[in-house]
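What follows is one structure encoded as structure tokens, with my remarks underneath.
The values are calculated or read from the model by the stated rules, or taken from the named source; none is laboratory data. None of the values given here were measured: they were computed from a predicted structure. We place every Cβ from the backbone using ideal geometry, glycine too, and count neighbours over all the protein chains shown.
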Amino acid sequence: MTYLILATCSSAVMAIVLRIFQNSKGNRYGIILGNYLFCILISWISLPDRSLVLDGSPVTILCGILGGALFVAGLVTMQTSTRLNGATLTTVFSRMGLVISLAVSIFVFGEIPSSVQIAGVILVLMALVMINGPGDEKSEDTARTGKVHTGALLLTMLAGGGGSTMSKIFEQVGSRSQDELFFFYIFCTAAVLTACLFVLEWKRTGKTLLWSEMAAGIAVGIPNYYSSFLLLLALVALPAIIVYPINSTGSILIVMAVDALIFHQKYTKRQWLGILMVLAAMILLNI
């Protein structure tokens, strides 16, 4: 549970830092690229034996490459869906990605939850819809055509959920002695793919990397690495039915508390109800 709490706090810190630097004037992939490059550095330092970098097991290499590709796919699909469907609906489906992780844990790895825990998960999903607003925000495309782009929303959910699911898959089929190597491969893959997106954006807009973005990337990279690593450790010790919902909703509660205390964010009655539902769900998941 300590690993889970620390992973949740790290995820919240990462979201808060991104919130602070959201109005950057440079290349929109600059902060993300800086983040992954710093994660590579942390992964490299954390390796118990750096001579094994090119000698990882096929399982570790495959899981790492797929995990990194899914991280970047989640970023791209969220950007696409936000343009087509608006931020509110996209955020809801992105958070719903935990359904993918739970489905893999239940149907592939046989982690059968109790009926009370299932009720807790349902409550979490309902709370995510409540917290992320009334759902009336629409993109220009949706407002013009009156059509919701379901495919983009589903891809956002699949990519987002798939990225976090790779930790569960590696926890089941990988070797604990190669945990650090697994994350090294993840962040190397993500950095290469993000660098390609960075170059394409630079050619399209002429925007390059700012030093402030690199600093922001470092600030994001530290909690990003530890949120991923600690989540894996939590999955080793606890069932996925507890880890994924609490990690997702717990980080939301921390971010909302910071928004209220520091940024003076005001929440609607609907959002407060969602918060109460999250708290009730956490109790159910731990029974």
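Observations on the structure shown:
- The set of residues in region 196-225 that are within 23 Å of the chain's Cα centre (by Cα) and surrounded by fewer than 14 Cβ atoms within 10 Å (Cβ to Cβ) comprises CYS196, ALA215.
- Against the criterion of being in contact with a Leu (Cβ under 7 Å, 6 or more places away or on another chain), closer than 23 Å to VAL243 by Cα and hydrophobic (A, V, I, L, M, F, W, C), ALA15 does not qualify.
- Pick from region 76-118, criterion over 22 Å from MET282 (Cα atoms) and of a type in the set (Val, Ile, Thr), ranking: farthest from the chain's Cα centre (by Cα): VAL108
- Complete set of residues in region 200-214 that are in contact with a helix residue (DSSP H, G or I) (Cβ under 8 Å, 6 or more places away or on another chain), assigned to a helix (DSSP H, G or I) and either modelled with pLDDT of 85 or more or of a type in the set (A, V, I, L, M, F, W, C) (or both): MET214
- The residues of region 12-69 that are in a loop (DSSP other than H, G, I, E, B) and within 19 Å of THR189 (Cβ to Cβ), listed by number, are TYR29, LEU47, VAL53, LEU54, ASP55, GLY56, SER57.
- Only one entry in LEU193, LEU231 is in a helix (DSSP H, G or I), at pLDDT 90 or above and either touching a Cys at 6+ places or on another chain (Cβ under 8 Å) or crowded, with 22+ Cβ neighbours inside 10 Å (or both), namely LEU231.
- Taken as a whole, the structure leaves GLY68 outside the set of residues that are closer than 23 Å to VAL255 by Cα and touching a residue at least 24 places away in the same chain (Cβ under 8 Å).
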